[in-house]
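Student: Below is the structure I would like to discuss, written out as structure tokens.
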Amino acid sequence: MPATGIDEATNAVPVLRCRDLSSAVDWLCRNLGFEEHLIVRGEAGSIRLAQLAFGSSIVMLAPGQTTKLDKLIVQPDEVGGAATQITYFFVADTAAHFERAKAAGVDIVLEDDDEEHVKRR
């Protein structure tokens, strides 16, 4: 496996930019079933990059507002809550996962009984 912790079979990895990586990693693992795959820490112990596993998939979390790239990317709260990207994660039991997310305080924008959502099961 390469130094990144991602094996050669992974051709695309979504990257989520977060203002508070430590809180994001903790929240995703505790509430939605992600697992730490690789955590890269800075000199002071803060997280510089995180790779989280969800089933056989990997998602990377990177800090927001720390690089030149961040001048080209905005956070949803900077554009009225709109997002320009979406990542789907497939789960075995969507109803249970939905209830877990609701219990964790996720802001639900599509209800589980939404007709379009049901078609994806």
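Student: Once neighbouring chains are kept in place and the probe is 1.4 Å, which whole percent of the accessible area of segment 11-100 is contributed by carbon and sulfur?
Tutor: On the way: 3340 of 6180 Å².
The value for segment 11-100 is 54 percent carbon and sulfur by accessible area.
Student: Leaving ligands, DNA and RNA out of it, rank Asp107, Asp77, Asp26 by accessible area with a 1.4 Å probe, largest first.
Tutor: Details: Asp107 130, Asp77 105, Asp26 80 Å².
Sorted descending by solvent-accessible area, the residues read Asp107, Asp77, Asp26.
Student: Using just the Cα positions, wrap segment 11-112 in a convex hull and report its mean projected area in square nanometres, one decimal place.
Tutor: Working: hull surface 30.5 nm².
Mean projected area for segment 11-112: 7.6 nm², to one decimal.
The values are calculated or read from the model by the stated rules, or taken from the named source; none is laboratory data. Predicted model, so just to flag it, every value in this text is computed and none were measured. Each accessible area value is taken on the protein alone, full model and side chains, heavy atoms only, with ligands, DNA and RNA left out. Shrake-Rupley method; radii C 1.70, N 1.55, O 1.52, S 1.80 Å.
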